[in-house]
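Values in this text are rule-based calculations from the coordinates and carry no lab data. Small disclaimer: the values here were computed from a predicted structure and weren't measured. Here the Cβ is made from the backbone with ideal geometry for all residues, glycine too, and neighbour counts use every protein chain on show.
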């Protein structure tokens with residue numbers, strides 16, 4: 001059984017290229033355009049990993065993470081945050097507060113994200 | 001300045017009398033002590049010999065029994081020297097001395113002296129002056145053996161004279177007199193020092209009393225050493241000033257006074273008219289001066305006599321901590337947030353002790369930094385937006401390019417799609433860099449316009465294409481009032497299009513759904529005029545002069561909700577002015593705004 005990944009990004013082009021890389025790595029992926037859509041999808045399907053952009057309309061990436069953590073099945077789910085701002089410096093705080101596992105600063109490499117996800121899920125590279 | 005202790009308020013004359021009385025009292029005291037000492041000494045002498053009389057008579061009676069009158073002489077001699085008696089003798093029953101300390105009197109009859117006589121408990125006492133002039137007390141004591149009288153014991157005691165007592169206390173006299181005298185003298189010195197301003201004042205008042213009425217020439221300042229002397233000097237100064245009528249001023253003094261008055265007035269005018277608030281408070285924090293700007297910033301209650309800390313606390317509760325006495329001398333600058341009915345103003349306040357003196361008042365400077373703060377916030381927001389705008393296309397380009405490079409077996413269709421995405425992201429990036437460049441040119445004043453022949457109708461349709469989707473999205477009625485005949489004119493088309501798009505875009509952005517935006521255009525040979533009117537949120541009167549400032553954004557929350565850089569209107573003004581035209585705005589809050597643009601077309605090459 002393959003792992004399921006949820007990609008949340010209002011920048012469809014970027015969501016698609018990330019999805020492309022994860023599909024190639026053997027993941028089952030779905031894309032949500034905003035936090036609201038992501039929460040609805042997360043309630044229907046149990047995802048093994050969620051990758052979300054920070055700056056989005058409706059709900060920011062960290063707000064989505066907070067909302068996800070309140071769902072019973074997502075208390076331990078690995079979360080990755082993509083950001084155009086220097087949030088990597090705040091990673092320790094984000095890790096402590098929301099259990100965010102990693103922050104990627106734009107522009108990022110899709111391959112690096114795939115590797116990080118594989119490591120988090122314990123998949124052999 | 002010499003400082004003395006507060007005085008008792010006694011003039012020198014009073015002090016002198018007081019000292020005289022003291023000395024007389026001391027002398028009386030000395031005489032009293034002398035008399036008392038003398039009396040005590042006399043009583044002591046007589047008392048001590050009387051107390052020995054008993055013992056002596058017993059010893060004599062014993063000796064008489066043992067050996068008769070033979071050996072009484074040595075006994076009497078011993079008693080005389082022990083009890084310090086003048087003489088001592090025994091008169092036998094036959095009426096003559098059978099024994100006496102003065103041997104020549106043995107066998108003689110005792111002399112009967114005429115003097116004061118008294119008798120008690122068998123003892124007879126006679127007081128008289130002897131041949132040497134000494135005061136002698138003679139006592140006679142009956143001697144009994146086996147209840148038989150054997151004779152009488154006579155003893156004489158010399159009472160000490162007054163001069164003898166004086167001689168005895170004489171060695172102590174210098175100490176006894178000098179010490180009180182020294183104390184009185186010292187007291188007198190201290191009192192005279194304390195009362196010296198009073199005596200000076202008294203002296204001068206006596207002089208004044210002797211002068212013709214209305215003259216104060218003779219009155220002079222005295223040495224300042226306490227509040228009384230200081231008060232006197234002030235009175236003197238006041239009297240001299242009163243005496244000096246304006247007619248008596250010299251020309252120099254008149255000029256000096258006029259100059260000082262003018263300078264003081266000039267300072268006040270400057271202070272009143274500067275845009276920053278300047279206030280001065282006394283030690284208790286009450287306002288002693290406040291210029292007009294203070295009232296504008298802190299409210300009409302900020303007048304002389306009001307307590308500044310109360311005013312500040314009324315505006316912003318948080319100021320209490322800053323104005324607390326414990327914080328004085330630490331943070332000298334504080335920012336207060338003054339809530340208005342629509343907007344909030346930020347006031348920066350600094351304070352400083354007058355001349356750095358702890359016990360003096362403070363000077364307060366107030367500045368409205370709302371606009372500065374907004375500009376800073378806007379600039380930060382702009383940098384934020386710019387970063388986002390640069391990073392988003394960049395991350396797309398990098399992600400797709402990397403995928404194309406690293407992934408194998410991508411079909412041609414996908415490769416083409418990926419390249420298209422990269423291409424459109426590059427275009428987006430280039431456009432944004434262009435925008436940044438024009439902002440930068442504007443900042444540096446190097447923005448230039450390029451007037452070309454423009455088809456007005458086409459220019460407007462280009463504008464409408466850009467703004468109409470926005471109007472439709474918000475269901476805003478877009479009314480276009482264009483002239484029937486649209487001729488060719490010479491303009492920098494792209495830049496004027498940008499101005500129109502910006503004005504119409506703003507109108508759409510700040511007009512609630514269902515509102516109306518009107519574009520009125522007037523065109524003749526000389527001018528192109530257009531007006532953009534909306535039924536939107538409007539602009540507050542105090543913000544109207546600032547709408548064309550770079551990075552300015554209204555503090556109105558309805559404006560803050562929308563995305564914007566605060567550069568559009570500033571850029572529009574720059575473009576219109578470079579065309580030699582004018583841009584202006586009329587607005588009523590909550591009713592709408594109208595932006596008017598007029599661009600001259602005559603005289604253009």
Using the Kirkwood radius over Cα pairs of segment B:13-168, the Stokes-Einstein translational diffusion coefficient at 20 °C and 1.002 mPa s, in µm²/s and rounded to a whole number, is 121
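Go through B:170-180, B:580-590 and give me the packing order, highest mean Cβ count within 10 Å leading.
Numbers: B:170-180: 11.2, B:580-590: 15.6.
Taking the mean over residues of other Cβ atoms within 10 Å, the ranking is B:580-590, B:170-180.
Could you tell me what % of all Cα pairs in segment B:92-186 have separations over 23 Å? Show your work: numbers first, answer last.
On the way: 2122 of 4465 pairs.
Pairs farther apart than 23 Å: 48 percent.
Starting from the eigenvalues of the Cα gyration tensor, five times each then square-rooted, give me the equivalent ellipsoid semi-axes of chain B, largest first, whole Å. Display every interim value, and only then the final one.
Numbers: eigenvalues 3328, 261, 66 Å².
Each semi-axis is √(5λ); the values are 129, 36, 18 Å.
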Indicate, rounded to the nearest 5 percent, the antiparallel portion of the DSSP beta bridges found entirely in the protein assembly as shown. 80
Would you report the distance distribution of C-alpha pairs in the protein assembly as shown as whole percents per 20 angstrom bin, up to the bin with the largest distance? 11, 20, 19, 11, 11, 10, 8, 9, 2, 0
Taking segment B:452-600, the equivalent ellipsoid from its C-alpha gyration tensor has semi-axes in Å, biggest first, of 24, 18, 13
Using a simple spin-label model with points 7 Å from Cα along the Cα→Cβ vector, what separation in nm is obtained for residue A:66 and residue B:404? 4.1
Pop a pseudo-label 7 angstrom from the Cα along the beta-carbon direction at both residue B:269 and residue B:363 and give the gap in nm to one decimal. 2.1
Given the Cα atoms of segment B:275-367, and with Rh set as the inverse mean 1/r over their pairs in the Kirkwood sense, what is Rg to Rh to two decimals? 0.94
Rounded to the nearest 0.05, what FRET efficiency do residue B:300 and residue B:474 give with R0 = 45 Å and r taken as the Cβ-Cβ distance? Could you check? 0.60
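With a ≥ b ≥ c taken as the square roots of the eigenvalues of the C-alpha gyration tensor of segment A:3-42, please select rounded if a/c is under 1.5 and otherwise prolate if a/b is larger than b/c or oblate if it is not?
Numbers: a/c = 4.15, a/b = 1.34, b/c = 3.11.
Oblate is the answer for segment A:3-42, as a/c is 1.5 or above yet b/c matches or exceeds a/b.
Taking the Cβ-Cβ separation of residue B:170 and residue B:209 as r and a Förster radius of 45 Å, what is the calculated FRET efficiency to the nearest 0.05? Write out the running numbers ahead of the final one.
Numbers: r = 52 Å, r/R0 = 1.15.
After rounding, the FRET efficiency stands at 0.30.
Using only alpha carbon pairs under 8 Å that are at least six residues apart, calculate the relative contact order of segment B:452-600 and give it in whole percent. List each step's numbers first, then the result.
Details: 271 pairs, mean separation 35.1, N = 149.
Answer for segment B:452-600 is 24 percent.
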Taking Cα atoms, how many degrees apart are the long axis of helix B:173-194 and the longest axis of chain B, rounded to 10 and kept between 0 and 90? 30
Residue by residue through B:403-415, how many Cβ atoms from other chains fall within 10 Å of the Cβ on average? 2
By how many degrees, between 0 and 90 and to the nearest 10, does the Cα long axis of helix B:412-444 differ from the longest principal axis of chain B? 60
A chain fully extended from residue B:522 to residue B:58 at 0.36 nm per residue, minus the present Cα-Cα distance, gains in nm 151.1 nm
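Rounded to the nearest 500 deg cm²/dmol, what is the calculated helix-only ellipticity per residue at 222 nm for the protein assembly as shown, with -39500 (n - 2.57) per DSSP H run of length n ≥ 4? Display every interim value, and only then the final one.
Details: 21 runs with 346 residues, N = 730.
Estimated from H runs of four or more residues: -16000 deg cm²/dmol.
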Which distance in nm do the two modelled labels at residue B:257 and residue A:36 give, with both placed 7 Å along the Cα-to-Cβ direction? 8.2
Part-to-part distance (alpha-carbon centres) for segment B:367-422 and segment A:27-73, which is given in Å: 22
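Could you grab the relative contact order for chain B? Cα pairs under 8 Å, six or more apart, rounded to a whole percent. Working shown, then result.
Details: 834 pairs, mean separation 46.3, N = 605.
The normalised contact order for chain B reaches 8 percent.
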Given contacts defined as C-alpha pairs under 8 Å and at least six residues apart, what's the relative contact order of segment B:13-168, whole-number percent? 21
Taking Cα atoms only, helix B:493-509 is inclined relative to the longest principal axis of chain B by an angle, in degrees rounded to 10, of 60
Once the Cβ-Cβ distance between residue B:462 and residue B:490 is put in as r, and R0 is 22 Å, what FRET efficiency do you end up with, to the nearest 0.05? 0.85
Is the C-alpha gyration tensor of chain A telling us rounded, prolate or oblate? Criteria: a/c under 1.5 is rounded; beyond that, a/b larger than b/c is prolate, otherwise oblate. rounded
